[in-house]
Each structure stands twice: as C-alpha cells, then as structure tokens.
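> Below is a structure I'd like to ask you about.
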Amino acid sequence: MLVDTHCHLDFPHFDADREVTLERARGAGIEFIVNPGSDMESSRRAVSLAGNYPDVYAAVGIHPHNALSLDAAALTELRALAQSPKVVAIGEIGLDYYRDLSPRAAQEEAFRLQLDLAAELDKPVIIHDRDAHADVARILEEWSNARGSKGGWPAGVLHAFSGDRELAEAGFRWGFMVAIGGPLTFQNARRLQGLARELPLIHLVVETDAPYLSPHPYRGQRNEPARVTLVAETLAALHGLPLAEIARQTTTNARRLFRIK
Ligand code: NI
C-alpha cells in the first residue's frame, strides 16, 4: 500500500472522471491521498471531498500564487475550516519566486500567518518552495525556533522537494519530512536521484502533485494518484530495496506526518 501525500483531486482537471480516478488509485494499492488547498475555494472543495470519500484527507491553505487573497476574513474562515474532520494539515503554503504571481512581501506575510495558524492548531504544514530556498529556510528556521518543542512531530513536509542535501538536512532538524514526486523518474533527473539515494527513508514520503508533474513515461500528460507507484518504484531502485519495503516505510511516514492512525 502507498500514500499519495499531495494530490489536487479537487481541481477541474478531474471533474469528468474523479470517481474513476480514485478507483484506479485504489486498484493500484493507494491507501489514501491528501488533497491540499490552493485558495479558499479549493480548500472548501478539499474538505468536501474528504467528507465524501473515506480514503481522501484534506489540507487547507492559500498557495503563494494567491497570497493577496489571505485577508482577515479568509484567515478566519481558514481557521474554522481547518477544524473540520479529516483536515490533516495546513497547506499548501510557502513561496514561489519562479512564477512570482504575487508580490514577494505578500507571499511572505501569507506564509507566516499560515505557519502561525498551524502552530496554534498544532497541525503539520505542507510547504511549497519554488526557487525560494533561502527565504523558505530563513522563515522555517525562525518558526521552528519559536515553536520549540511545543509542537507535534513531524512539523510538516517539504513538498516537491527541489533543494540540496543541506536544505533537506536543515528540514530534518526542524522536524520536516521531504516529499518526492514525479520528477524523480525523469531521465534527466540525476541530481534529484542522487539526493534521493542519500536521504534516509525514515524522512521520505511520496506524492504525485496530480494533475501536474506526471512521472516518466507519462511526462506532460495529466497526472493521477495511481502513478505514485512509479515514484515509489524509482525510489526502490535507487535504494536497492524491494518496492514493498519502500511502500511500508513511506506509508508509515505519511501516517505519522498527518497523524492518521
Ligand atoms: Ni501542489
């Protein structure tokens, strides 16, 4: 059994075949998926999907692209939504300097507000970091120091990890796990593969980020949760372990991360 720790099942890409997509995931041995929010509407949809399907859990949060939408009213609604059953994390939150769709100061403000919300509710966080490693590290280090030993472990996950070994190890010190997705399977992904081989399995989870980042040989197509298997297979090959062992460890990690019994 595997867990897809990051899948945007609520996105319109799945409107025509959401049920069938979930059925294919079940058929591929996916035990559960976590649907993160990217704005308020998608956070609401994630909570509603989690209510409809036993194997879907939700996270709620405002993606850095939508940072300007996090006003006081939105934060209040997010706080209420986060307390719904089956909301297992705050996310995805963070910084995106690749597309820079929101002013960086607004991204940082929204990121900090939501980190504080997670600390207040003692929920793990799902971190989006694109081309913003230094600032994400600075903010997470401050947050982690302020939180001290009060918060639960794990503190969260560095989703779609694209940093180096130094950032991964800093993340482990702050109580974070690292999530690996489809890019691990790309034929030109030697750097990420080298890193994934070195990182201890006790800190790793797998994800798809569907509908994005479809693994090889489906690169460029719409991604779906069943394909997290291809990520796990690549990870198994890199570690020289049977797929069953990778599945066992990453599923244990995912349950720990999202505090799912
Ligand atoms: Ni995502």
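> So for region 252-259 (the condition being under 16 Å from the mean Cα position of the chain (by Cα) and more than 21 Å from residue 140 (Cα to Cα)), does at least one residue qualify? Before the answer, list the steps.
Quick first cut of region 252-259, residues under 16 Å from the mean Cα position of the chain (by Cα) only: 252-259.
Going one step further and asking which of them are more than 21 Å from residue 140 (Cα to Cα), we end up with 252, 255.
Yes, because at least one residue in region 252-259 is under 16 Å from the mean Cα position of the chain (by Cα) and more than 21 Å from residue 140 (Cα to Cα).
> Can you list the strands (runs of 3 or more DSSP E) lying wholly within region 143-237 that have 1 or more residues being touching a strand residue (DSSP E or B) at 6+ places or on another chain (Cβ under 6 Å), crowded, with 23+ Cβ neighbours inside 10 Å and among the aromatic types (Phe, Trp, Tyr)?
Answer list for region 143-237: 176-180.
> Working carefully through the options 256, 219, find the one that is basic (Lys, Arg) and either in contact with a Leu (Cβ under 6 Å, 6 or more places away or on another chain) or farther than 21 Å from residue 13 by Cβ (or both).
256
> Separate question: How many residues does region 134-162 hold that are at pLDDT 95 or above and either within 16 Å of the ligand (Cβ to nearest atom) or touching a His at 6+ places or on another chain (Cβ under 7 Å) (or both)?
Looking only at that region, the number is 7.
> Looking only at residues in region 77-129 that are among the small types (Gly, Ala, Ser) and assigned to a loop (DSSP other than H, G, I, E, B), which one is farthest from the ligand (Cβ to nearest atom)? Walk me through it before giving the result.
Initially, region 77-129 is screened for residues among the small types (Gly, Ala, Ser), giving 80, 82, 84, 89, 91, 94, 102, 105-106, 110, 118-119.
Now restrict to residues that are assigned to a loop (DSSP other than H, G, I, E, B): 82, 84, 102.
Details: 82: 18, 84: 20, 102: 16 Å.
Restricting to residues being among the small types (Gly, Ala, Ser) and assigned to a loop (DSSP other than H, G, I, E, B), the top hit is 84.
> I would also like to ask the following. Six or more apart or on different chains, Cβ atoms under 9 Å: show the pairs whose first residue is in region 1-16 and in a helix (DSSP H, G or I) and whose second is near the ligand (Cβ under 10 Å from one of its atoms) and not hydroxyl-bearing (Ser, Thr, Tyr).
The qualifying pairs are 13/210; 13/211; 14/8; 14/210; 14/211.
> Shifting gears a bit: Anything in region 21-54 that is assigned to a loop (DSSP other than H, G, I, E, B) and under 24 Å from residue 229 (Cβ atoms)? List them, or say none.
Initial filter on region 21-54 (assigned to a loop (DSSP other than H, G, I, E, B)): 28-29, 36-39, 53-54.
Once the filter is applied, which keeps residues that are assigned to a loop (DSSP other than H, G, I, E, B) and under 24 Å from residue 229 (Cβ atoms), region 21-54 yields 28, 29, 36, 53, 54.
> Something else now. Condition (residue is exposed (fewer than 15 other Cβ atoms within 10 Å of the Cβ), free of Cβ contacts under 8 Å to residues at least 24 places away in the same chain and under 27 Å from residue 246 (Cα atoms)) applied to region 24-45: is it met by at least one residue?
No, because not a single residue in region 24-45 is exposed (fewer than 15 other Cβ atoms within 10 Å of the Cβ), free of Cβ contacts under 8 Å to residues at least 24 places away in the same chain and under 27 Å from residue 246 (Cα atoms).
> Still on this structure: Report, by residue number, each residue of region 1-33 that is more than 16 Å from the ligand (Cβ to nearest atom) and of a type in the set (Asp, Glu).
Of everything in region 1-33, those that are more than 16 Å from the ligand (Cβ to nearest atom) and of a type in the set (Asp, Glu) turn out to be 15, 17, 19, 23, 31.
The values are calculated or read from the model by the stated rules, or taken from the named source; none is laboratory data. Bear in mind that the values here come from a model prediction, so they are computed numbers and not experimental data. Because the Cβ atoms are built from the backbone with ideal geometry, glycine has one as well, and the counts that use them run over all protein chains shown.
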